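Contents: one structure, followed by commentary.
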There are 2 protein chains.
Amino acid sequence: MNIKFNNRDPVYIQVIRHFKEQIATGRFEPGQEIPSRRELANQLKINPNTAQRAYKEMEEQGLIYTEGNLPSRITKDASIIKAVREELILEAVNSFIASVQSINVPLDEALQLVKNNYENFTVEQEDIHD
Amino acid sequence: MNIKFNNRDPVYIQVIRHFKEQIATGRFEPGQEIPSRRELANQLKINPNTAQRAYKEMEEQGLIYTEGNLPSRITKDASIIKAVREELILEAVNSFIASVQSINVPLDEALQLVKNNYENFTVEQEDIHD
DNA sequence: AAATATGTATTAAGCCCTTAGTACACCTCT
DNA sequence: AGAGGTGTACTAAGGGCTTAATACATATTT
C-alpha cells in the first residue's frame, strides 16, 4: 500500500480514488481482506479518522463491506467492480476532452500528444512532485 | 466573462485557470485591458478579495501587469503566452495518461475513447453540474 | 479472565479558503 | 476642488477538511 498524495485534494478522497483504481484493475480481488482503519493509517501516515472516513464512504458506495468487527473486505459484486472501472475511465476521458477543448487543441493533435507520451510516461513521472 | 465553478478547487485557482485558457487561446489578446478587481468580483459573484488574490498571483507569474493604478492588462510577452499554452496542454495530457495507466487502459483503447467522445462532448456537458 | 485488535463514535483544535468590512494612496474625469 | 475608480492592504469571522485524543462494544487471541 503506497499512495502519492497531492496537496489539493482531501486525503480521504485520494484514498478512495486509490482503492477504486486497485479494485478496477483487479489488484484488489473480490472478497480480499483490506487493512484495518488503524493499520491503513499507519501505513499511509495519516490519521485513523481520515482512514475511517474513507472506509465509511467506500462502504456506503458498496465498494467494501464489513461483517461484525472483522477487517473489511473488497466487494464481491461484479457489477459494482465493473461500474467503478467505467466510472474512472469516463472521468479521465471527459476531463481530458474538456481540457484540450478549452484551449482549442484539435482532436488530431490531442491524440498525437497522448500517443507520443504514453510509453515513456512512468519514467518521466519520477521528477514530478506535488 | 463567465466561469463554471466547481466545489473542489479554490475559487482563485479556478479564476487563474480560466484566464490562462483565455490567454492560451488568444481570446484575451496581449496588452488587452481586463476587468478591475472589483468589477471581476461583481461579474463572477465572488468576493473582491478573492479576485484580488487571483490577480496578485497572475501578476507574480507575469500573466498580467499593472502600471500605476490603471486597470491591469494581459501580458505582451509572447514567450509567456506560449509557455502558458504548453503548460495547459502538458498538464492535460499527463493527467490523462496517468489516469488511464493507473487503471490499465491500453493506449489504443484510450485513444479510441477520446476519438469517440470528442465531437459531441460540448453537447453532453450541458447535463453536467458540479 | 486478560490482553489485543477490530469497527465505530464523539469532541476539540488547527489550517486553508472564502467572505466581509474597511481603509488608504493614486489617478482620471467632471 | 471634488467625485469616482483604481490597486493595495489589513483584520475578522465562518466553513470544510484534517488532525488529535479519547471512548466504547465486540470478537479474537493468549
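The values are calculated or read from the model by the stated rules, or taken from the named source; none is laboratory data. In this text the structure is predicted, and so the values were computed from the model without any measurement. Here the Cβ positions follow ideal geometry from the backbone for every residue, glycine too, while neighbour counts run over all protein chains shown. We work out accessible area using only protein heavy atoms, side chains counted, and drop any ligands, DNA or RNA first. Shrake-Rupley method; radii C 1.70, N 1.55, O 1.52, S 1.80 Å.
The table below gives the values:
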| read-out | value |
| --- | --- |
| Heavy-atom accessible surface of chain A: percent carbon and sulfur, 1.4 Å | 47 |
| Span from the the range B:90-108 Cα centroid across to the the range A:43-113 one, whole angstrom | 14 |
| Accessible surface, 1.4 Å probe, highest first, among residues B:Leu113, A:Leu88, A:Leu107 | B:Leu113, A:Leu107, A:Leu88 |
| Amide H contacts of A:Ile64 (H built 1.01 Å from N, under 5 Å, at least 5 apart or other chain) | A:Glu59, A:Thr75 |
| Total accessible surface hidden between B and A, rounded to 100 Å², 1.4 Å probe | 3500 |
| The protein assembly as shown, dipole about Cα centre (Lys/Arg Cβ +1, Asp/Glu Cβ -1), debye to the nearest 20 | 760 |
| Accessible area in the full protein assembly, largest first, 1.4 Å probe, for B:Met1, B:Met58 | B:Met1, B:Met58 |
| Amide H contacts under 5 Å for B:Phe5, placed H, 5+ residues apart | none |
| Among A:Asn116, A:Asn49, A:Asn94: highest mean-square fluctuation, GNM of chain A, C-alpha pairs under 10 Å | A:Asn116 |
| Cβ-defined net charge surrounding A:Glu21, 15 Å radius [Lys, Arg +1; Asp, Glu -1] | +1 |
| Per-residue HN-Hα couplings for the range B:28-43 [Karplus 6.51, -1.76, 1.60; θ = phi - 60°; Hz; x = Gly/Pro] | 9, 8, x, x, 5, 6, 10, x, 5, 3, 5, 5, 4, 4, 5, 4 |
| Cα-centre dipole for chain A with unit charges at Cβ (Lys and Arg positive, Asp and Glu negative), debye to 20 | 500 |
| Residue-by-residue Karplus 3J(HN,Hα) for the range A:48-56, coefficients 6.51, -1.76, 1.60, Hz, glycine and proline x | x, 5, 5, 4, 4, 5, 4, 5, 4 |
| Accessible area expressed per residue, the range A:1-110, with surrounding protein chains retained (probe 1.4 Å, Å²) | 55 |
